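Chemist: So that we are looking at the same thing, I have put the structure below in structure tokens.
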Amino acid sequence: MRKIVYDVELYKNIFLLIAKDIDTGERFVFEISRRKDNRRELLIFLKTVEYMVGFNNCRFDYNVLHLFISLFKRKIPGKRMVELLYLKGQECISKERPNINKKPLVKQKDLFLINHYDNYNKSTSLKILEFNMQMDDVAVLPYKFDKILTDEEIEHLVIYCDNDIEATYQFYLKNIKAINFRDKMSKLYNYDFSNYNDVKIGERILLKAVAKYSGESEYAIQKLRTYRTAMNMSDIIFDYISFDTKELNILLDWWKDKVIFETKGQFNKLDMDDVAPLLPYCNNETEKSKLKNLNIIVDGLQFDFGTGGLHAACYPGVWKATENTEIILLDVSSYYPNLASKNRLHPKHIDVDVFVKTIDMLYGQRMKAKDEGDDETVAGIKLALNGALYGKSNSEYSFMYDPQFMMSICVNGQLLLAKLAEKCIINGIKVIQVNTDGVMVECPRNKRHLLDEIAKEWMELTNLKLDYDHFNLVVQKDVNNYLAVFTNGKIKYKGVFDYDYANNGDWHKNFSSLIIPKALKAYFIDGIRPARFITEHADFYDFFKRTKFDKRTRLVQREFDKDNTLLQQTLLQNITRYYVSRKGKNFVKIMPPLKGKEEDREFVIESGYLCTEINSITQEKVNTMIEELDYGYYITKVLEIVHLIEDYVPIEELTFEIIDDI
């Protein structure tokens, strides 16, 4: 049986399906149009297929294909069939979330769903992936969806579809591990996880575990929810939480006095009257006359509280381990699941003993699998404990829903981590950053015993475990942008320092200007000046950038003469690959007028610089790029970050020799 990747294209006068055999690479083209009628050949082909891999195929391609199979038996004319398939396609496009056929006639594997790209925050198109995967062609079709295509345009459509097939195939190769993981979890739990995203897999594993220990059916548990009309924060905050500093005690008292009615708006856009007791001790940054985010400042360190966890960073800078200092991350092991277990937190609709037993069982299984090197089981249970347990507790669509349970983990978790950081501060141990489940410090070696005592006391208080990670170097712009070099040589990248998206499977992220984080790494770790690294860098893909605009926005390129008179304006794709060049054109984003206005809004892309579009890569275009690339733009972007960080770093603490041209 064949395993294939496939793509369906539809216009009013053509149905096109192109497939590629995953094992042999053989290509198959099936067309229904005025030129060809491959209906019978397609049906025979489908009988030889074990499964079909696509991109958003469960909500589009297969829905159309399923209708094709149904219509085939009716022996209707080809023209009429194309019309009906076209209408089905438009119906799928018009719906925000088209239905998924739960019993497809041919098994489907959907890379779009597997990667959770149906989530707004991770939404990613195949064209974006083509850019991220450094494909030669990221062109889109210039034809409107309702156009009647000519024979020449149909040939162009076939070429376009071939490119999408290749993109889907390449993305499939990058997802083989994820697909195999789902196959293993499906066998282990006797449930089809083929097209489940990671969090959804975790939620189902957690559901099965709760059902096992409660004796209730999964169906019955899935219906359970706890809705809250009011929540007293004094009932939520643990009695054993206390602080030594005035600022954190004021925050604690303020929180204990609160009664909340929903989880939304508890950490940002807060009424100034409500937070009045905190204002002398926090960053008073406002947004629309409200406190932008809940924060408190202790000894110059700003703690930011939010549903994503506690965050803090002292300032931009460079820290390195020396004979006198250590850089250590105190990391809480499986923080939120163990916080729930040790404090017997649970959704009200799930028995506390059942829930705690479930967490402890899953955690034990995970540790056992870790010792045995069973990475897939470790990953699956981690999704249940970290992704579903807390992540789904504020979703009305989940059996985990209980806002008070969510707030109990969220608030207490942040307060306890703040307590750990506070103990370091008052004992003269520098806190570099706090990030969700850990506190990173620069600890003088003569105070290491103090740090160990602080950690021991915290663990005894919380009944949680702290792990130590050691670093040779930390370079920090802020809490979300840093690189850290472990003592074993491994490097952790975040934000502006991160270029390792591909190896981490973060294909939804923006792969633009990877030369910038690579140059930062070369500078701060290897001591290579940005100008040298960038001008000598051989991989031209790392200089590419891309735009991404919705259908209401237009992207144009404009060419002016020396008197600034417009010579030419050309419409570009909304997803356009480009580089900053010395002989390019002005790129302008044009957006619809604001409400009550008539004029379009215009914004220059890369203001002060010129850009060159390169949606299709040829050797000639690459040669031109090498000649015209504006290295100065990329060098400037790197130096902006370097200077921001180094302005805070004494010269004697830099990790390398100062370069005199920087």
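Chemist: Could you give the radius of gyration (one decimal) and Dmax (whole number) of the Cα atoms in the range 499-585, in Å?
Modeler: 16.7, 49
Chemist: To continue, here is another question. Out of all Cα-Cα pairs in the range 414-520, roughly what percent, to the nearest whole number, are more than 21 Å apart?
Modeler: Roughly 45 percent, once rounded to a whole number.
Chemist: Shape verdict for the range 313-460, please, from the Cα gyration tensor: rounded (a/c under 1.5), prolate (a/b greater than b/c) or oblate.
Modeler: Since a/c reaches 1.5 and a/b is larger than b/c, the shape of the range 313-460 is classed as prolate.
Chemist: Let me ask something additional. Between D371 and Y143, 0.36 nm times their residue separation minus their Cα-Cα distance comes to what?
Modeler: Between D371 and Y143, full extension yields 76.5 nm more.
Chemist: Something else now. Sort T226, T24, T570 from largest to smallest accessible area, using a 1.4 Å probe on the heavy atoms of the protein chains.
Modeler: T24, T570, T226
Chemist: Over all directions, the average projected area of the alpha-carbon convex hull for the chain comes to how many nm²?
Modeler: 35.3 nm²
Chemist: Moving to a separate point now. When the dipole is taken about the Cα centre of the range 263-349, and only Lys, Arg (+1) and Asp, Glu (-1) are charged at their Cβ, what size is it in debye, to the nearest 20?
Modeler: The calculated dipole for the range 263-349 is roughly 500 debye.
Chemist: Which whole-Hz ³J(HN,Hα) couplings does the range 101-107 yield from phi under the Karplus relation 6.51 cos²θ - 1.76 cosθ + 1.60, θ = phi - 60°, glycine and proline marked x?
Modeler: 6, 7, 10, x, 6, 10, 4
Chemist: Select from Q414, L385, G373 the residue farthest towards the positive end of the dipole of the range 341-438; place +1 on Cβ of Lys and Arg, -1 on Cβ of Asp and Glu, and compute about the Cα centre.
Modeler: Among Q414, L385, G373, the one farthest towards the positive end of the dipole of the range 341-438 is Q414.
Chemist: If you don't mind, there's one more thing I want to ask. When the helix-only estimate is applied to the chain (DSSP H runs of n ≥ 4, each -39,500 (n - 2.57), divided by the residue count), what is the mean residue ellipticity at 222 nm, nearest 500 deg cm²/dmol?
Modeler: -11500 deg cm²/dmol
Chemist: How large is the charge dipole for the chain, taken about the Cα centre, if only the Cβ atoms of Lys, Arg (+1) and Asp, Glu (-1) carry charge, to the nearest 20 debye?
Modeler: 3020 debye
Chemist: Let me ask something additional. As a test, work out the antiparallel percent of DSSP beta bridges whose residues both lie in the chain, rounded to the nearest 5.
Modeler: Antiparallel: roughly 90 percent of the beta bridges in the chain.
Chemist: Still on this model: State, to one decimal in nm, how far the label point of T286 lies from the label point of K589, with both points 7 Å from Cα in the Cβ direction.
Modeler: Those two pseudo-labels are separated by 2.9 nm.
Chemist: Same structure again: What's the extension gain from N463 to T24 if we count 0.36 nm per residue and subtract their Cα-Cα distance?
Modeler: Net length gain for the segment: 152.5 nm.
Chemist: Work out the FRET efficiency for Y120 and H449 from their Cβ-Cβ distance, taking R0 = 51 Å, and round it to the nearest 0.05.
Modeler: Calculated value: 0.55.
Chemist: Then there is this: With θ taken as phi - 60° and the coefficients 6.51, -1.76 and 1.60, list the Karplus ³J(HN,Hα) couplings across the range 339-345 in order, rounded to whole Hz; mark glycine and proline as x.
Modeler: Per-residue couplings from phi come out as 4, 5, 5, 5, 10, 6, 7 Hz.
Chemist: Another one. Could you work out what % of the accessible surface of the chain is carbon and sulfur, using a 1.4 angstrom probe and leaving DNA, RNA and ligands out of the count?
Modeler: The value for the chain is 47 percent carbon and sulfur by accessible area.
Chemist: Now for a separate question. Decide, for the range 1-153, between rounded, prolate and oblate: order the square roots of the alpha carbon gyration tensor eigenvalues as a ≥ b ≥ c, take rounded if a/c falls under 1.5, and otherwise choose prolate if a/b is larger than b/c, else oblate.
Modeler: Judged from the Cα gyration tensor, the range 1-153 comes out rounded (a/c under 1.5).
Chemist: From largest accessible area down, sort D304, D146, D61; use a 1.4 Å probe on the protein chains.
Modeler: Largest accessible area first, the residues go D146, D304, D61.
Chemist: Once phi is turned into ³J(HN,Hα) by the Karplus curve 6.51 cos²θ - 1.76 cosθ + 1.60 with θ = phi - 60°, what whole-Hz value does each residue of the range 480-486 show in order, with x for glycine and proline?
Modeler: Values per residue, Gly and Pro as x: 9, 9, 6, 10, 9, 9, 5 Hz.
Chemist: Counting only protein chains, not ligands or nucleic acids, how are S616, S334 ordered by accessible area (probe 1.4 Å), most first?
Modeler: S616, S334
Chemist: Next question. For the chain, what is the accessible area per residue in Å² when the probe is 1.4 Å?
Modeler: Averaged over the residues of the chain, the accessible area is 48 Å².
Chemist: Once the mean 1/r over all distinct Cα pairs of the range 158-265 is inverted, what Kirkwood radius in angstroms do you read off?
Modeler: Value: 19.1 Å, from the Cα pair sum.
The values are calculated or read from the model by the stated rules, or taken from the named source; none is laboratory data. Every value quoted in this text rests on a predicted model; they were computed, and no experiment measured them. Every residue, glycine among them, receives a Cβ derived from its backbone with ideal geometry; neighbour counts consider all protein chains shown. All accessible areas refer to the heavy atoms of the entire protein, side chains included, with ligands and DNA or RNA removed. Shrake-Rupley method; radii C 1.70, N 1.55, O 1.52, S 1.80 Å.
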